[in-house]
Amino acid sequence: MARSRRGDRAAFSELVRRHQAAVYRVCYRVLGDPEDARDAAQEAFVRCFTKLGSFEGRSSFKTWMLRLAINVSLNERKSRGRPLPPELREPGEEPSGPEEDLMRKEAAERVHRALRLLQPNHRAAVVLRDLEGMSHAEVAETLGVPEATARSWAYRGRLRLKELLT
């Protein structure tokens, strides 16, 4: 990070390499479209590069980067007024067979439809906590809220998902 701040492009490329998969996954889960997610991930890294000087180190770089990715994705989604498409499968995931793929796709469609109905802050908390596996503290840092708020948003999001899926 320090080398990147001093203008070392190779160091910044390493940061991108280390975090690009997580950034893409977050963008994909918020936007639901692979092309839109690629565009949002690229925009998030461009913003990261231009804002390196504002990174204060109070959180981890990953947390700060994922917050940028969520902001870019939510802004993109809002500006396009597009709902999430009906897929939740990991990008690049290969099906293990036609029947398993169909069952996974149907379940993913239901979850994606339900995610689309959550409030944006609840959706972000659920995506980061339950789909990205972040701790409540990391979710709080990423979303820029107290840990209790992050816990509450994730809890409320899960409750609402449960209501919608049952």
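Quick notes on this one:
- The protection proxy used here, the mean number of other Cβ atoms lying within 10 Å of each residue, ranks peptides 129-142, 151-164, 59-72 as follows, highest first: 59-72, 129-142, 151-164.
- Using only side-chain charges placed at the Cβ, +1 for Lys and Arg and -1 for Asp and Glu, the dipole size of the stretch 108-166 relative to its Cα centre rounds to 360 debye.
- Full extension of the chain between Gln20 and Ala107 yields a length gain of 28.7 nm, computed as 0.36 nm times the residue separation minus the alpha carbon distance.
- Calculated from backbone phi, Karplus (6.51, -1.76, 1.60) coupling profile of the stretch 157-166 in Hz, x at Gly/Pro: x, 5, 4, 5, 4, 4, 4, 6, 8, 10
- Sequence-distant lysines (8 or more away, or on other chains) whose Cα lies within less than 19 Å of Lys105: Lys162
Bear in mind that the values in this text are calculations on the coordinates, not laboratory data. Being a predicted model, the structure only gives us computed values, none of them experimental. In this analysis, Cβ positions are derived from the backbone assuming ideal geometry, glycine residues included, and neighbour counts consider all displayed protein chains.
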